[in-house]
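Asker: Following this message is one structure expressed as structure tokens.
No lab work stands behind these numbers, since they all come straight from the coordinates. Note that this is a predicted model, so its numbers are computed, not measured. As a convention, Cβ positions derive from the backbone with ideal geometry for all residues, glycine included, and neighbour counts pool all protein chains shown.
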């Protein structure tokens, strides 16, 4: 294992914000037009991200497993699943690619078994139970009109959206088709909420970048 | 007819739009508008839940995030950790996105050092682990075994004071999940809430994820929600620690209004052009 | 055998998980909790490298065949090698200060800027492409505007009713619609899991024999 002298790391530190700012500007330069500076940053990003995935998985999952479970605790049986996992690397080799199905089958089977327990059913049943709300809400101070309206709107929306996905246009004809139209408007309203929230997320990300450039790099505020 | 303002607007260079947008968003970021920040019930509920827990409570902080979500995820992580430490809670960080725990480590270290929290005693970072379902499931029986007895730095968990009173997932008092996508809150609910191991979950989604995660809150599967940068700013206000999220709120407001303005302008332009086209066709 | 063996292996793993969940049989519980869960963690971790391997394969091919932008591919391979070498061979691996320096200064900023670009594209798309041509599109637009305004302090400053309206739409309409979809998705995932477990669904094994 190699040790990097502290002096090298200390010497690099002043470059930290500059490198970050150049990387940010490089990516933002795409807004003007496609250019080599952007390409350079893009490939740096992909290369670095690929390596980081590999390094982090090795350092945080594989190495502790070998170090502690196998060498210290003597759980040598873990070599078997390791070999199973490694079979996935036969995928590009045409003649033996069928071997890569073994780990795939094992993972899919495990997760299928995992999903078929109460782990999946419990949240769904809770959600179903919490979708059936009383249409008339009486509190200690009497009839609560707003809560009653809210409950009716909530229950109706749940039912109508389910109806939209369960029944086709061929089934719901004539007057019943109105239900489909109402359902569609409700779904579009939900998508509108998604769109609005999505826009807010994007703006937040942009603010983060501008904040980095103006505050951390340029020190304007 | 080709030279009307609506024609010119419809052919506006996208780079002008980008430039206008940058300038307008940067202005409140630099100068600030100082607008009041209303606190929503969801954020207050999250605050009340955490505040109501006794000292010595153990929080599991699920940092399932990427560097892409830096702006929305860093402020709530720092604010929640500071608040939890002040209340005497212990913090255990992990995550199943490659970047998550590493970033949490980089972001948390300065903040935790500043308030005097001791690594291994007050907080610990378990690092990234592949395969969320099996790790969370095995943690129900033994956290140390599930995480191979090592933290992010390769130190032994069994030798850390924080693990003297923590053996399995059911000993976590509450779970805070930072959630910009999948896997995330829904998977924690499946792994630990469905099995009855952890019943208190505070959801910290990005704004984009509020759309899907609100239903968990309504169903009582989570107990509070600190949604997006706005939620983080509200949380900062509640704990009396205004930081990056609070400073970004004015810019966010202006940024959103500009999007709306462009949306409306684009549609007005579309309607006007359609009218003009109809007139031209009618005249010819 | 090439198709049956993976299915048998999957069925066995799934069955152990099911038995562990529903029955209190010490042997099965121990098998699932000590061996099966652990074996998944270990095997999945070793398989992560296939993505990186594919990435390198593509870019090595770009370089060897001198395709467009092959110089950038060479740079990518260099960056990959540099980061991988630092991560594997420096003390502390991904927590080494040298490695962390490049990770936090470059990758963190590059990654967050990629997604920040979406904000600009969103503004441009809103201006150029988002057209209200039907009642449904109108509903989407109006709700989106209310949600956006109601979610920011500036909206509350203009009119205190915006946050309330936004909250009501989000909780009454959106949560209910998402709930209905979520119930459907869960039922679908349950049936899909059952198909996977008993081997009815085999598409994940690929088409060839």
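Asker: Modelling each spin label as a point 7 Å along the Cα-to-Cβ direction, I'd like the residue C:65/residue A:19 distance in nm, to one decimal.
Answerer: In this crude spin-label approximation the distance works out to 3.4 nm.
Asker: With runs of 4+ DSSP H residues as the only contributors, calculate the mean residue ellipticity of chain B at 222 nm using -39,500 (n - 2.57) per run, divided by the residue total and rounded to the nearest 500.
Answerer: Value at 222 nm, helices only: -16500 deg cm²/dmol.
Asker: Another one. Report the calculated FRET efficiency for residue A:79 and residue A:132 (r = Cβ-Cβ distance, R0 = 45 Å), to the nearest 0.05.
Answerer: The pair residue A:79/residue A:132 has a calculated efficiency of 0.30.
Asker: Return one number: the angle in degrees, 0 to 90 and rounded to the nearest 10, between the long axis of the Cα atoms of helix B:14-31 and the longest principal axis of the Cα atoms of chain B.
Answerer: The angle comes out at about 50 degrees.
Asker: Can I ask one more? At 7 Å along the Cα-to-beta-carbon direction for both residue B:86 and residue A:215, put a label point, then send me their distance in nm to one decimal.
Answerer: Each label point lies 7 Å from its Cα, and together they span 1.8 nm.
Asker: Once label points are set 7 Å from the Cα along Cα→Cβ at both residue A:175 and residue A:146, what is their separation, rounded to one decimal in nm?
Answerer: Using points 7 Å along Cα→Cβ, the separation is 3.5 nm.
Asker: Going by a ≥ b ≥ c, the root eigenvalues of the Cα gyration tensor, does segment C:1-47 fall in the rounded group (a/c under 1.5), the prolate group (a/b larger than b/c) or the oblate group?
Answerer: Oblate.
Asker: Over chain B, with a Gaussian network built from C-alpha contacts below 10 Å, which listed residue (B:142, B:57, B:269) shows the highest mean-square fluctuation?
Answerer: B:269
Asker: Sort out for me the Cα centre separation of segment C:139-175 from segment B:119-158, rounded to whole Å.
Answerer: Result: 41 Å between the Cα centres.
Asker: If you don't mind, another one. Going by the alpha-carbon gyration tensor, a ≥ b ≥ c the square roots of its eigenvalues, is segment C:50-89 rounded (a/c under 1.5) or, if a/c is not under 1.5, prolate (a/b greater than b/c) versus oblate?
Answerer: oblate
Asker: Further question on the same structure: Run lengths n ≥ 4 of DSSP H only: what is the helix-derived mean residue ellipticity at 222 nm for chain A, with -39500 (n - 2.57) per run over all residues, to the nearest 500?
Answerer: -20500 deg cm²/dmol
Asker: In whole angstrom, note down how far apart the Cα centers of segment B:13-31 and segment B:210-275 are.
Answerer: 18
Asker: Let me ask you something else. Over all directions, what mean area does the Cα convex hull of the protein assembly as shown project, stated in square nanometres?
Answerer: 37.3
Asker: With an 8 Å Cα cut-off and a minimum separation of 6 or more residues, compute the relative contact order for segment B:189-248 in percent.
Answerer: So the answer I get is 28 percent.
Asker: By how many degrees, between 0 and 90 and to the nearest 10, does the Cα long axis of helix A:118-129 differ from the longest principal axis of chain A?
Answerer: 30
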